[in-house]
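This report concerns only the one structure given below.
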Amino acid sequence: MNRRVVVTGMGIYSCIGKTLEEVSRALYEGKSGIGIEHVRTLYGYRSPLTGILERPCLKGMLERRLRIGLAEEGEYAYMATLEAMRTAGMDMDYLEDNEVGIFYGNDSSAKAVIEANNTVVEKKDTTLLGSGAIFRSMNSTVSMNLSTIFRLRGANMTISAACASGSHAIGLGYLFIKQGLQDVVLCGGAQETNFYSMGSFDALGAFSTRVDEPTKASRPFDAARDGLIPSGGAASLILEDYEHARRRGAVIWAEILGYGFSSNGKHISQPSDEGSLRAMQGALRDAGVKPSEIDYVNAHATSTPQGDMFEAIALDRLFGDCRPLISSTKSMTGHECWMAGASEIIYSILMMKNAFVAPNINFENPDSYSCKLHIATQTTQKNLRLVLSNSFGFGGTNSALVIKNIPEGTTKT
């Protein structure tokens, strides 16, 4: 089989908006969601910068029995999935009558683990952890909770692949549908935003310390970049076989055209232009398109000195004189980590449906590598047919996705 795979539902809960409409507006306006969380300084962080995102209140929305197993990232994922199901035109009756799978990216549940440990240390009694502790603390917390809440009966897996988790989740959902193993799959990525979760990153000196101007701290590709800004939330997408979507009269947002992946096979934390290039080449080859056909690249670029450099080298090697428009939405959102590969597909689709490229804000001076790229420094009106989205992570895991604009039946947001 070689079936077409389309996106029929999307939902987002991020520091730049909690609905598709809010996020689309923020992207167009180049609005940053970065701020300061002072508790990080008290905890011992070098940098208090983070994406500002409050937790949703699920009381009254979800019964207590289902709430107690949700970790912070699971709450975000629940909110994003509600919107994805709504935009896909799927209710609980549909989910109970049809086999829907789930591939969700998540690579930590630090707060749940640390709080459980603190309770046992203080009380000396594990029975006081409560029945929900185990379901909040496992890496698979998001997929196990969503599959239960939404009564999903298809494939059920958590993709744990560092900052490429969300992208790989979409890639695997795409492959399952393409090969006829599933008709419909919920895919996405979630990232906790609490200060417990990112302390080890801060210890590596990975974060920006530009605290005097938080909204200008995330500077992908800029010569003065000094580190990334941690952020989070959740992004959910409904992927569906094209013919299945047409039969049920679904609105089609976009088509997943290609998925490429690779492993650097070298240093555990250092990026690689070679590995990045192979993932992008694989996505283009799978999609059956040439570099010259790509209209826009949503770059992984996190605002770290090395990471942005290696990606810029890889992009220049792939595109050469083609020079498609490139921006990193992380300039506005910060690095959404396990969520980023999924949220950036949503950001890209929103740009496609509204015919613009979001700016790479805070890009003031290129370095010797980014000067070779066509970086979008301001919002650019442009019809987008094909978009490439990159996601790379610790351990050398790389993922790239090609998506295609499908004009039929969709409306602007």
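Only one of (1) touching a residue at least 12 places away in the same chain (Cβ under 8 Å); (2) out of contact with any strand residue (DSSP E or B) (no Cβ under 7 Å at 6 or more places or on another chain) is not met by residue 64, so which one is it?
Of (1) touching a residue at least 12 places away in the same chain (Cβ under 8 Å); (2) out of contact with any strand residue (DSSP E or B) (no Cβ under 7 Å at 6 or more places or on another chain), only one is false for residue 64: (1).
Which is in contact with a strand residue (DSSP E or B) (Cβ under 7 Å, 6 or more places away or on another chain), in contact (Cβ under 8 Å) with a residue 60 or more places away in the chain and surrounded by fewer than 22 Cβ atoms within 10 Å (Cβ to Cβ), of 178, 216?
Numbers: 216 fails: in contact with a strand residue (DSSP E or B) (Cβ under 7 Å, 6 or more places away or on another chain).
After ruling out the rest, the residue left standing is 178.
Would you mention how many residues in the range 291-314 are more than 17 Å from residue 361 (Cα to Cα), in a helix (DSSP H, G or I) and in contact with a helix residue (DSSP H, G or I) (Cβ under 9 Å, 6 or more places away or on another chain)?
Count: 8.
Restrict the check to the range 311-323 and report whether at least one residue is among the β-branched types (Val, Ile, Thr), over 23 Å from residue 8 (Cα atoms) and out of contact with any Cys (no Cβ under 7 Å at 6 or more places or on another chain). Quick ask: steps written out before the conclusion?
Start the filter on the range 311-323 by keeping residues that are among the β-branched types (Val, Ile, Thr), which leaves 313.
The next check asks that each one be over 23 Å from residue 8 (Cα atoms); those that pass are 313.
Going one step further and asking which of them are out of contact with any Cys (no Cβ under 7 Å at 6 or more places or on another chain), we end up with 313.
Among the residues of the range 311-323, at least one is among the β-branched types (Val, Ile, Thr), over 23 Å from residue 8 (Cα atoms) and out of contact with any Cys (no Cβ under 7 Å at 6 or more places or on another chain), which makes the answer yes.
Determine whether residue 207 is touching a Pro at 6+ places or on another chain (Cβ under 8 Å), surrounded by fewer than 24 Cβ atoms within 10 Å (Cβ to Cβ) and within 19 Å of residue 340 (Cβ to Cβ).
no
Can you find a residue in the range 265-286 that is free of Cβ contacts under 8 Å to residues at least 24 places away in the same chain and either buried (at least 18 other Cβ atoms within 10 Å of the Cβ) or farther than 17 Å from residue 313 by Cβ (or both)?
Checked against the condition, which is being free of Cβ contacts under 8 Å to residues at least 24 places away in the same chain and either buried (at least 18 other Cβ atoms within 10 Å of the Cβ) or farther than 17 Å from residue 313 by Cβ (or both), the range 265-286 yields no hits at all.
Scan the range 77-97 and report the pairs whose first residue is closer than 7 Å to residue 11 by Cβ and whose second residue is among the acidic types (Asp, Glu) and surrounded by fewer than 24 Cβ atoms within 10 Å (Cβ to Cβ), with Cβ atoms within less than 6 Å and a gap of 6+ or a chain change.
Hits for this filter: zero, empty list.
Go through 143, 147, 131 for me and flag whichever is outside any helix (DSSP H, G or I) and either over 18 Å from residue 235 (Cβ atoms) or of a type in the set (Ser, Thr, Tyr) (or both).
Result: 131 is the single residue among 143, 147, 131 that is outside any helix (DSSP H, G or I) and either over 18 Å from residue 235 (Cβ atoms) or of a type in the set (Ser, Thr, Tyr) (or both).
Give me the residue from the range 287-330 that is crowded, with 24+ Cβ neighbours inside 10 Å and β-branched (Val, Ile, Thr) and, out of that set, nearest to the chain's Cα centre (by Cα).
If we take residues in the range 287-330 being crowded, with 24+ Cβ neighbours inside 10 Å and β-branched (Val, Ile, Thr), then 329 is nearest to the chain's Cα centre (by Cα).
Would a scan of the range 113-120 turn up a residue that is under 30 Å from residue 244 (Cα atoms) and either of a type in the set (Phe, Trp, Tyr) or outside any loop (DSSP other than H, G, I, E, B) (or both)?
Looking only at the range 113-120, we keep the residues that are under 30 Å from residue 244 (Cα atoms), and these are none.
Within the range 113-120 (the criterion being under 30 Å from residue 244 (Cα atoms) and either of a type in the set (Phe, Trp, Tyr) or outside any loop (DSSP other than H, G, I, E, B) (or both)), the answer is no, since none of the residues qualifies.
Does residue 59 meet the test of being more than 16 Å from residue 229 (Cα to Cα), of a type in the set (Lys, Arg) and in a loop (DSSP other than H, G, I, E, B)?
Here the answer is yes, as residue 59 does meet what is asked.
Every number in this text was worked out from the coordinates using simple rules, so none of it is lab data. Computed from a predicted structure; not experimentally measured. Here Cβ is always computed from backbone atoms with ideal geometry, including for glycine, and neighbour counts include all displayed protein chains.
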